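One structure is given here, and the rest of the page talks about it.
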Amino acid sequence: MIKKLAPVMPDSIYLATVRTIVTTLSKASFNNQWQRWTKRELGLKRSPMWATELYQLTTLLGGLVLLFSLPEPSRAPRIVTTFTGVLAVFRLFEILLFALHWVLVDRRPVKEFRRSLVWFGLSLLELGVFATLALFWFTGGFSGTRWALLYEMLGAVFNQSVPTIVGTGGRILVHAVVIESWIVLLIVIAVAVSGITRRELTRDGTARR
């Protein structure tokens, strides 16, 4: 029986399962859809670096605009607060999927590891912004102003700690964001040595030794 089972089994059941889940969920990512559309329109096999960068800068700027332009939750329509909160949680989940895909699925050489460091660094900033949006507009589990909450959330992301300003209603979300920031920070360390572990692509598409 073991001889019949061996040919159809993956090298690792754990990795195969996680990779399948991450790949499937990643298909729902707006970033993934944007990159696929860009590749198709430009006739490329791999999306250009600026495509992901443009998406990240757009979402970061959009998050900041939402955070500082929308009215107080108590005065905003329920549909606005719900939509904003769901959008913020979706972006947090999207960043997590991208990070997991980078670690567990993608095995291609890195195009430019210095650029990857910047991308993941900005991702940490995004975690703080969108976690603030999610708390301020969706859970309501905080005390103080949005400015104070943003400061506390950025501190939580970079210091790996849960801020005291967040009430009981939002602590689960904050714990999840802190764990996500921990994962991203680990990837930053991995990116720093990617020239050794995964190497880097040259302009002609080959791997730099």
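The values are calculated or read from the model by the stated rules, or taken from the named source; none is laboratory data. Please read all numbers here as calculations on a predicted model, not as lab measurements. Using ideal geometry, Cβ is built from the backbone for each residue, glycine included, and neighbour counts are taken over all protein chains shown.
Filtering the stretch 58-98 to residues that are among the hydroxyl-bearing types (Ser, Thr, Tyr) and within 23 Å of the chain's Cα centre (by Cα) leaves THR58, THR59, THR81, THR82, THR84.
Inspect all residues belonging to the stretch 26-44 and state whether any of them is outside any helix (DSSP H, G or I), among the small types (Gly, Ala, Ser) and within 23 Å of ILE183 (Cβ to Cβ). So far as the stretch 26-44 goes, yes, one or more of its residues are outside any helix (DSSP H, G or I), among the small types (Gly, Ala, Ser) and within 23 Å of ILE183 (Cβ to Cβ).
Does GLY43 fit the bill of being at positive phi and either modelled with pLDDT of 85 or more or aromatic (Phe, Trp, Tyr) (or both)? Spelling it out, GLY43 is indeed at positive phi and either modelled with pLDDT of 85 or more or aromatic (Phe, Trp, Tyr) (or both). The listed residues are THR59, THR23, THR52, and the only one of them that is in contact (Cβ under 8 Å) with a residue 40 or more places away in the chain and touching a His at 6+ places or on another chain (Cβ under 9 Å) turns out to be THR23. Taken together, the residues in the stretch 150-164 that are surrounded by fewer than 20 Cβ atoms within 10 Å (Cβ to Cβ) and at pLDDT below 75 amount to 2.
Do we have PHE93 as free of Cβ contacts under 8 Å to residues at least 24 places away in the same chain, assigned to a helix (DSSP H, G or I), surrounded by 14 or more Cβ atoms within 10 Å (Cβ to Cβ) and among the hydrophobic types (A, V, I, L, M, F, W, C) here? Yes: the conditions hold for PHE93.
Residues checked against (1) outside any helix (DSSP H, G or I); (2) surrounded by 17 or more Cβ atoms within 10 Å (Cβ to Cβ); (3) in contact with an Asp or Glu (Cβ under 9 Å, 6 or more places away or on another chain):
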{"site": "LEU61", "(1), (2), (3)": "no, no, no"}
{"site": "VAL65", "(1), (2), (3)": "no, no, no"}
{"site": "SER74", "(1), (2), (3)": "yes, no, no"}
{"site": "ALA88", "(1), (2), (3)": "no, yes, no"}
{"site": "PHE98", "(1), (2), (3)": "no, yes, no"}
{"site": "LEU117", "(1), (2), (3)": "no, no, no"}
{"site": "PHE120", "(1), (2), (3)": "no, yes, no"}
